[in-house]
Ligand SMILES: C=C(OP(=O)(O)O)C(=O)O
Ligand SMILES: [Mg+2]
């Protein structure tokens, strides 16, 4: 094993044009890894703390870098991540910033892979990974916190569940995205794009459901395999705590009505996936919905679990959800993200590896999905920072990745 010899940190741009943290990790033997932190817009209240990038970098340079350089073996990811936690000294990375932590954690993993000459997914997941691939969930219509004056539900996600391989699945999601564009044009509905490249028309959610059903059916007929769709409701963003109601464009729903509404949607549209249907504190609501529809769809916790094993453990004990979204920057290190996946799988929860709405060209999550054998990855449908991950999955599937 080889020691970390240098950690370089800098600010770069993310896909929203905001500054974010990028890390380079160099090893004594000349290994090199580079990674950048993503950033959420509909962030969960219980996520690890993202600091202003310049503060995060200054603090990491002061507290973390001296503990890593010349002291930690790059291939020992647990030790890299433990060192980051010890350097930070808080539960939520509020000292060095989860943005510095995750960038360094991911860059170290890439440097270690570089040293061994293995693709990142094999370094992280072992020699026998690379046979199973995640189904990509592709955001094709969206609003919420990702686009002004668009749908209330944050994401309508194409889910090519019948695709024979990743490449066909990725192409199918792009085709659904294109088909939605054509259907919008037929209806004379103008639409720009939201933060993740999904169409962001100023329409009611009911119309978005119609468009998704038509677009997925039509592309499924063309490609000859089953394409379903799903949602990220981002319930915490629409929940009004004072009035105990979910606020849509033209209507509001009580918690009971919200549960009924989502359960009806699952059956009406045969939804494959429902993320954050309820508020991030509502374990009971998640449990009730999971009881109703968990046998036929994924009820996924994003803001509910925030990739945190303690929150996931609570969910497991209460029967809340049957799936967890895994975003490394929500928790701060790759080790923590792996722990979340492991606890999920042990308890029959399906892990979904995920991007953030603010992304870079970093491809770590594509490797993480293959390394963990995750059944799903959510990383958009189009747009350079999204296709960076999707195209990487295609390369991994072809087994030519050497990043
Ligand atoms: C990807 C998402 O958005 P953000 O990164 O804004 O949290 C999400 O909510 O799942
Ligand atoms: Mg979400």
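Screening the candidates 176, 161 for the property of being touching a residue at least 24 places away in the same chain (Cβ under 8 Å), more than 16 Å from ligand 1 (Cβ to nearest atom) and in a helix (DSSP H, G or I) yields one hit, 176. Scanning the range 32-61 for residues that are over 20 Å from the mean Cα position of the chain (by Cα) and either more than 19 Å from residue 363 (Cα to Cα) or buried (at least 23 other Cβ atoms within 10 Å of the Cβ) (or both) yields a total of 11.
Listed by first and then second residue, the pairs with beta-carbon distance under 6 Å, at least 6 apart or on different chains, first residue in the range 369-384 and away from ligand 1 (no atom under 14 Å from the Cβ), second part of a helix (DSSP H, G or I), are 370/121; 370/396; 371/121; 371/124; 371/125; 372/341; 382/174; 382/177.
So that you can scan it fast, the table gives a plain yes or no per residue for (1) more than 16 Å from ligand 2 (Cβ to nearest atom); (2) surrounded by 14 or more Cβ atoms within 10 Å (Cβ to Cβ); (3) in contact (Cβ under 8 Å) with a residue 12 or more places away in the chain:
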| site | (1), (2), (3) |
| --- | --- |
| 222 | yes, no, yes |
| 226 | yes, yes, yes |
| 232 | no, yes, yes |
| 237 | no, yes, yes |
| 240 | yes, no, yes |
| 244 | yes, no, no |
| 248 | yes, yes, yes |
| 259 | yes, yes, yes |
| 264 | yes, no, no |
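If only residues of the range 272-310 that are away from ligand 2 (no atom under 15 Å from the Cβ) and under 13 Å from residue 228 (Cα atoms) are counted, the one that is surrounded by the fewest Cβ atoms within 10 Å (Cβ to Cβ) is 296.
Take the conditions (1) closer than 23 Å to residue 156 by Cα; (2) in contact with a helix residue (DSSP H, G or I) (Cβ under 9 Å, 6 or more places away or on another chain); (3) surrounded by fewer than 18 Cβ atoms within 10 Å (Cβ to Cβ); residue 345 misses just one of them, which is (1). Please work out which residue is nearest to ligand 2 (Cβ to nearest atom), limiting yourself to the range 341-368 and to residues that are closer than 16 Å to residue 105 by Cα and assigned to a helix (DSSP H, G or I). Once the filter is applied, the top-ranked residue is 365.
Yes/no per residue for (1) in a strand (DSSP E or B); (2) within 30 Å of residue 197 (Cβ to Cβ):
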| position | (1), (2) |
| --- | --- |
| 1 | no, no |
| 6 | yes, no |
| 16 | no, yes |
| 24 | yes, yes |
| 50 | no, yes |
| 80 | no, no |
| 83 | no, no |
| 95 | no, no |
| 99 | no, yes |
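Given the criteria in a helix (DSSP H, G or I) and either without any contact (Cβ under 8 Å) to a residue 24 or more places away in the chain or within 16 Å of ligand 1 (Cβ to nearest atom) (or both), does residue 181 qualify? Criteria met by residue 181.
To keep it simple, each residue is scored yes or no on (1) in a helix (DSSP H, G or I); (2) at pLDDT 95 or above; (3) closer than 23 Å to residue 378 by Cα.
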| position | (1), (2), (3) |
| --- | --- |
| 260 | yes, yes, no |
| 266 | yes, yes, yes |
| 300 | no, yes, yes |
| 311 | yes, yes, yes |
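Scanning the range 270-289 for residues that are assigned to a helix (DSSP H, G or I) and either without any contact (Cβ under 8 Å) to a residue 24 or more places away in the chain or touching a strand residue (DSSP E or B) at 6+ places or on another chain (Cβ under 7 Å) (or both) yields 286, 289.
What number of residues within the range 1-22 satisfy the criterion of being crowded, with 19+ Cβ neighbours inside 10 Å and closer than 18 Å to residue 55 by Cβ? Outline the logic, then answer.
So in the range 1-22, the residues crowded, with 19+ Cβ neighbours inside 10 Å come out as 4, 7, 9, 14-15, 20-22.
From what's left, closer than 18 Å to residue 55 by Cβ: 7, 9, 14, 20-22.
So the answer is 6.
Please go through the range 128-172 and give me each residue that is on the phi > 0 side of the Ramachandran plot and more than 16 Å from ligand 2 (Cβ to nearest atom), ordered by number.
Here is the first cut: in the range 128-172, the ones on the phi > 0 side of the Ramachandran plot are 130, 144, 149.
130, 149, listed by residue number.
When you look at residue 25, is it crowded, with 16+ Cβ neighbours inside 10 Å, under 16 Å from residue 333 (Cβ atoms) and touching a helix residue (DSSP H, G or I) at 6+ places or on another chain (Cβ under 7 Å), yes or no?
On the way: crowded, with 16+ Cβ neighbours inside 10 Å: yes; under 16 Å from residue 333 (Cβ atoms): yes; touching a helix residue (DSSP H, G or I) at 6+ places or on another chain (Cβ under 7 Å): yes.
Criteria met by residue 25.
In this structure, does residue 15 turn out to be touching a helix residue (DSSP H, G or I) at 6+ places or on another chain (Cβ under 6 Å), closer than 27 Å to residue 236 by Cβ and either away from ligand 1 (no atom under 16 Å from the Cβ) or touching a residue at least 12 places away in the same chain (Cβ under 8 Å) (or both)? I'd like the intermediate steps shown before the answer.
Details: touching a helix residue (DSSP H, G or I) at 6+ places or on another chain (Cβ under 6 Å): yes; closer than 27 Å to residue 236 by Cβ: yes; either away from ligand 1 (no atom under 16 Å from the Cβ) or touching a residue at least 12 places away in the same chain (Cβ under 8 Å) (or both): yes.
Judged against the criteria, residue 15 is a match.
Within the range 351-364, residues that are over 14 Å from residue 275 (Cβ atoms) have Cβ atoms under 6 Å from residues that are more than 14 Å from ligand 1 (Cβ to nearest atom) in these pairs: 360/36; 361/388; 362/35; 362/36; 363/388; 363/392; 364/35; 364/106, counting only partners at least 6 apart in sequence or on another chain.
The values are calculated or read from the model by the stated rules, or taken from the named source; none is laboratory data. Keep in mind that what you see is a predicted model, and the values were worked out from it rather than measured. Don't worry about glycine lacking a Cβ; one is built from the backbone with ideal geometry, like all the others, and counts go over all protein chains shown.
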